[in-house]
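Nothing in this text is a laboratory measurement; each read-out follows from the coordinates by a stated rule. Bear in mind the structure is a predicted one, so any value in this text is a computation, not a measurement. Quick reminder, even Gly has a Cβ in these numbers, built from the backbone with ideal geometry, and neighbours come from all protein chains shown.
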Amino acid sequence: MIKSKRQFPDIPHFISLIDWKLPTIFRNRAKVAKALTIEDLAAIAKKKVPKVVYDYVEGSALDEVSYQRSKDVFSRAEFTAHTLRDVSKIDPSTIIYGKKVDLPILFSPTGYTRFMHHVGEPAVAAVAENNNLIYSLSTMGTTSPSELAQAVPGARRWFQLYVMQNREDSLSVIKQAKENGFEALILTVDTPVSGIRVRDIKNGLTIPPRIRLSTVLAIARKPIWWLNLFTTKKLEFAAFRGWSKSLVELAAVIFDPATSFDDVTWLQSVWNGPIIVKGIQNVDDAKKLAQMGVSGIILSNHGGRQLDRGPVPLEILPDVVAAVGDKVDVYIDGGIMSGQDAYAAIALGAKAVFIGRAYLYGIMAGGQRGVEKVIEIMKRDFINTMALTGSRNISEIQEAGAKIRSN
Ligand SMILES: Cc1cc2nc3c(=O)[nH]c(=O)nc-3n(C[C@H](O)[C@H](O)[C@H](O)COP(=O)(O)O)c2cc1C
């Protein structure tokens, strides 16, 4: 029988192992700091904001099938892995329109960000700046292009545009983007009409939130969120401030069901920087846009918030890249919730990925700190996956590739 030899306890060694921290009064901050995944942040977020806000972010259109499929597909990705390679130096950076970004993960445009957390768009853009990434401001932003430029002058900024029913209205927004140092325009084209978002209808979502009897109950449940709402600038579509239109009237003219390829040509005539068309869902449209000379396309189903049961962006990515990847940059979004999801898209040929809900969970959970945490988590996983697949830079990820398993 083997027996351990006993010795007198090594007290200094024992003390050196003690890892107790004093309890903090910033309990939420501590929770955010401890989050390991985007799902952890989403769970924190769910407790912080009213249901109507959380559902507005998480929900998508009709049966929410597109979105579920877009998310699920990432778990079927299988990476090619090379071992016995020196991975002591990993470089996840890439060049986008002549300038380096530190990670091929960019911020999608999301309307109404100050509804999720009062710090809103500038806080997300500040994280983009701190991490040398790109922030996209939505036409439906609650911060205007000039306010964003003033708040974070050093952040790389793109502006997301809808072709509005009156082209003069679009021009006025484009002018704001031009005057405030926005580098590129993202033209969203998957919104000829608005998607039908059942959760929002059931929740009676109105923008801005109306005070009903149920609101009083909601205030009692999430008093801090409401306090922040009432004590900060009023929620509005800031790019249209000063227009003599109500929010409802604005919402009705922001989408033009008559938008066509001719509008892309029109946009090329009024904007001389990069134009990236967002919401592409098939190879033929991608080919046509490549021929027209746009700078990039984003394969996207708007996070499932427009057409339900449409194609899954990751599944069409390889065919689109094969058809037009040498002519335009092909980006992708939808359901990207980890660095590994981003890795899968890059391995299948995407130039970079965009994240939407992931950073909104972060901001709802903990404001700017929550968004920082999102990037920290995604970067950690992305770099770790690079090391474990033996890919030292983006080209090597794409050389190695990935496949989508059938199960
Ligand atoms: C709350 C919310 C608001 C959004 N607002 C816009 C918008 O104003 N313009 C736009 O082009 N896309 C908008 N999107 C779509 C995103 O840009 C992006 O396509 C989508 O969120 C990607 O999926 P993900 O959320 O799973 O990352 C929005 C998405 C969410 C979740």
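Applied to the range 164-175, the Karplus parametrisation 6.51 cos²θ - 1.76 cosθ + 1.60 on θ = phi - 60° returns per-residue 3J(HN,Hα) values of 8, 4, 9, 4, 4, 5, 4, 4, 5, 6, 4, 4 Hz, with x for Gly and Pro. In the range 169-277, a dipole from Cβ-located charges (positive for Lys and Arg, negative for Asp and Glu) runs towards its positive end, and of Phe182, Thr265, Gly195 it is Gly195 whose Cα lies farthest in that direction.
Computed from label points 7 Å out along Cα-Cβ, the spacing between Lys288 and Leu62 is 2.2 nm. Using only the alpha-carbon atoms of the range 284-331 as identical scatterers, what base-10 log of I(q)/I(0) does the Debye formula give at q = 0.14, 0.15, 0.17, 0.30 Å⁻¹? Debye intensities relative to I(0), on a log10 scale: -0.33, -0.38, -0.48, -1.12.
Counting neighbouring beta carbons within 10 Å and listing from fewest to most, the residues Ser395, Ser172 come out as Ser395, Ser172.
What is the packing order of peptides 284-297, 124-137, taking the mean over residues of other C-beta atoms within 10 Å and listing the highest first? Walk me through the numbers on the way to the answer.
On the way: 284-297: 17.6, 124-137: 23.1.
Top of the packing list down: 124-137, 284-297.
Using the average count of surrounding beta-carbon atoms within 10 Å as a protection proxy, the listed peptides 363-373, 81-91 rank, highest first, as 363-373, 81-91.
For each of Tyr359, Tyr331, count neighbouring Cβ atoms within 10 Å of the residue's Cβ, then give the residues from fewest to most. Please report the intermediate quantities before stating the final value.
Numbers: Tyr359 30, Tyr331 26.
Fewest-to-most Cβ neighbours within 10 Å comes out as Tyr331, Tyr359.
Cross-link partners of Lys47 among aspartates and glutamates, defined as those whose alpha carbon lies under 20 angstrom from its own and excluding same-chain residues fewer than eight positions apart: Glu39, Asp55, Glu58, Asp200, Glu372. For Ile134, the amide hydrogen comes within under 5 Å of the amide hydrogens of Phe107, counting only partners 5 or more places away or on other chains and with H modelled in the peptide plane.
In terms of the mean number of neighbouring beta-carbon atoms within 10 Å, the peptides 13-20, 114-121, 188-195 order highest first as 114-121, 188-195, 13-20. Cross-link partners of Lys245 among lysines, defined as those whose alpha carbon lies under 24 angstrom from its own and excluding same-chain residues fewer than eight positions apart: Lys175, Lys178, Lys233, Lys234.
Assuming a ≥ b ≥ c are the square roots of the Cα gyration tensor eigenvalues, decide whether the chain counts as rounded (a/c under 1.5), prolate (otherwise, with a/b larger than b/c) or oblate. It is oblate, given that a/c is not under 1.5 and a/b is not larger than b/c. Please state, as a whole number in µm²/s, the translational diffusion coefficient that the Stokes-Einstein equation yields for the range 186-298 at 25 °C and 0.890 mPa s, with Rh defined as the Kirkwood radius across alpha carbon pairs. Answer, rounded: 140 µm²/s. Estimated at 0.36 nm per residue, the fully extended path between Arg221 and Lys403 surpasses their Cα-Cα distance by 61.0 nm.
Measuring r between the beta carbons of Ser269 and Lys202 and using R0 = 56 Å, the FRET efficiency lands at 0.85. Each label point was placed 7 Å from the Cα along the Cα-to-Cβ direction; for Glu315 and Asp86 their separation is 4.3 nm.
Hey, with R₀ at 30 Å, roughly what FRET efficiency would Lys233 and Lys34 work out to, going by the Cβ-Cβ distance, to 0.05? Let's see the in-between values first.
Values: r = 31 Å, r/R0 = 1.05.
Once the sixth-power term is evaluated, E becomes 0.45.
A cut-off under 14 angstrom between Cβ atoms defines the neighbours of Lys245, and their net charge, with Lys, Arg +1 and Asp, Glu -1, is -3. GNM on the chain, alpha-carbon springs under 10 angstrom: the most fluctuating residue among Ile201, Ile332, Ile38 is Ile201.
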